[in-house]
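Enquirer: Got a structure here, written out as structure tokens. Questions coming.
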Amino acid sequence: LDSYKEYIEQLPIIDPPEIFDMSQNANISYQKEESMTIINTILEVQPRLISGGAGKSSDEIVFEMADLILGKLPEKLDLDEALPEMFEPDSKGRINSLSTVLSQEVVRFNKLLDVILTSLVNIKKAIKGLAVMSDQLEAIFDAVVLNLVPGMWADAAYPSLKPLGSWVKDLELRIQFISRWMDIGQPKSFWMSGFFFPQGFITGALQNFARKYDVPIDALKFRFEVLTHYRAQIDVAAAEMADQKFDDDAYSTPDDGVLVHGLYIDSASWDDDNMVLGDARYGVMNPPMPMMHLLPDPEYEVEEDRYECPLYKTAERAGTLSTTGHSTNFVIKCLLPSDKPDKHWIGKGTALLCQLSQ
């Protein structure tokens, strides 16, 4: 009996992630989550600074942040200035489905921009004493002080877990992606994470193929061909700001289907040597996924060495149940090559993400 007690006392207090078939990265994620919860709790109970001392008051911080955001974002995206060729109908009077997707995205982003810009103008007036600080403006004020996305903005926006600073930078990149599409036409590779509603983009790509080959859209499945190239949107945006092209000569626009980039891998990695999914590397939380060619195929039969990897908008993965029967956070199942059985990846919770939480 003593030997049993001694053995039990030597067991770790906290179960290691390996016994649940998870990597050490799961423990890192847990610790980061706990740390952020503590930090956010401390920030929430901090008193609002009014004046005095060498530091800035909360009013000054929010006023400067409002000016900064107002200077970064356009008032609206003008679809009338888009390239006319994109909206020319074909011989049957049909407009390119991806151009329709672009129009819908512009409407969604314009609604979000209106909410953000209007609230920031009003909160500046309230800080100056020229308007009443309503409950809504008070909530925005408190969120900006804590570097959180205000609830009013989040309700009008796409799902995101980013803090305010990263969220604004991400919104800038999305606006630039859509603006560039309007100005010069469809990009060679689409930034999957930059869409307000990526499911609409997926449907548009299928619809274009269905119209071209006169096949029912319900009969189409995507063949996911992983390329050897990586493409980060922040690098693409920097090149575009300098009037340069980013790696566009490394690949050509496909005749059918679309190229996509900007996805991340959760609880796994990508093996560039063997072009298959690989186990997560220690300390590398969410490595980027290479570019993929989404090719519609009416006769595609899924190979046995493919893992049906779910693609989610955020790392939260959870969402509300939509009319399609899927979570609103779920985008599509990506059939990725693998040399391990499905249960290996399912046990680890392997998935693709459109965006990170930082």
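The values are calculated or read from the model by the stated rules, or taken from the named source; none is laboratory data. Here the structure is a predicted model, which means the values were calculated and not measured. Quick reminder, even Gly has a Cβ in these numbers, built from the backbone with ideal geometry, and neighbours come from all protein chains shown. Side chains included, ligands, DNA and RNA excluded: accessible areas come from the protein's heavy atoms. Shrake-Rupley method; radii C 1.70, N 1.55, O 1.52, S 1.80 Å.
Enquirer: Check residue 282 against each of (1) open to solvent by less than 30 Å² (accessible area, probe 1.4 Å); (2) over 27 Å from residue 170 (Cβ atoms); (3) among the aromatic types (Phe, Trp, Tyr) and name the one condition it does not meet.
Expert: So residue 282 meets the others, but not (1).
Enquirer: Another question, then. Regarding the stretch 106-113, can at least one residue be identified that is under 27 Å from residue 223 (Cα atoms) and polar (S, T, N, Q)? Steps first, please.
Expert: Pass one, the stretch 106-113, residues under 27 Å from residue 223 (Cα atoms): none.
Looking through the stretch 106-113, none of the residues is under 27 Å from residue 223 (Cα atoms) and polar (S, T, N, Q).
Enquirer: Of the residues 356, 294, which is over 23 Å from residue 159 (Cα atoms) and buried (at least 17 other Cβ atoms within 10 Å of the Cβ)? Outline the logic, then answer.
Expert: Details: 356 fails: over 23 Å from residue 159 (Cα atoms).
After applying the criteria, what remains is 294.
Enquirer: Output the residues belonging to the stretch 173-198 that are open to solvent by 50 Å² or more (accessible area, probe 1.4 Å) and of a type outside the set (Val, Ile, Thr). Lay out the reasoning, then the answer.
Expert: Within the stretch 173-198, the subset open to solvent by 50 Å² or more (accessible area, probe 1.4 Å) is 180, 183-184, 186, 188, 197.
Once the filter is applied, which keeps residues that are open to solvent by 50 Å² or more (accessible area, probe 1.4 Å) and of a type outside the set (Val, Ile, Thr), the stretch 173-198 yields 180, 183, 186, 188, 197.
Enquirer: Ok, one more. Looking at 58, 97, can you tell me which residue is among the small types (Gly, Ala, Ser), in contact with a Phe, Trp or Tyr (Cβ under 8 Å, 6 or more places away or on another chain) and buried (at least 18 other Cβ atoms within 10 Å of the Cβ)?
Expert: After ruling out the rest, the residue left standing is 58.
Enquirer: Let me ask another. Select from the stretch 186-229 the residues that are within 15 Å of residue 256 (Cβ to Cβ), in a helix (DSSP H, G or I), in contact with a strand residue (DSSP E or B) (Cβ under 7 Å, 6 or more places away or on another chain) and not aliphatic (A, V, I, L, M) and list them in ascending order.
Expert: 209
Enquirer: If I filter the stretch 240-248 for residues that are more than 17 Å from residue 337 (Cβ to Cβ), modelled with pLDDT under 95, of a type in the set (Lys, Arg) and open to solvent by 30 Å² or more (accessible area, probe 1.4 Å), do I get at least one hit?
Expert: Checking the stretch 240-248: at least one residue is more than 17 Å from residue 337 (Cβ to Cβ), modelled with pLDDT under 95, of a type in the set (Lys, Arg) and open to solvent by 30 Å² or more (accessible area, probe 1.4 Å).
Enquirer: To continue, here is another question. Check residue 265 against each of (1) in contact with a helix residue (DSSP H, G or I) (Cβ under 9 Å, 6 or more places away or on another chain); (2) more than 19 Å from residue 183 (Cβ to Cβ); (3) surrounded by 18 or more Cβ atoms within 10 Å (Cβ to Cβ) and name the one condition it does not meet.
Expert: Single failed check for residue 265: (1).
Enquirer: Given the conditions (1) farther than 18 Å from residue 193 by Cβ; (2) buried (at least 17 other Cβ atoms within 10 Å of the Cβ), report the number of the one that residue 305 does not fulfil.
Expert: Against the list (1) farther than 18 Å from residue 193 by Cβ; (2) buried (at least 17 other Cβ atoms within 10 Å of the Cβ), residue 305 comes up short only on (2).
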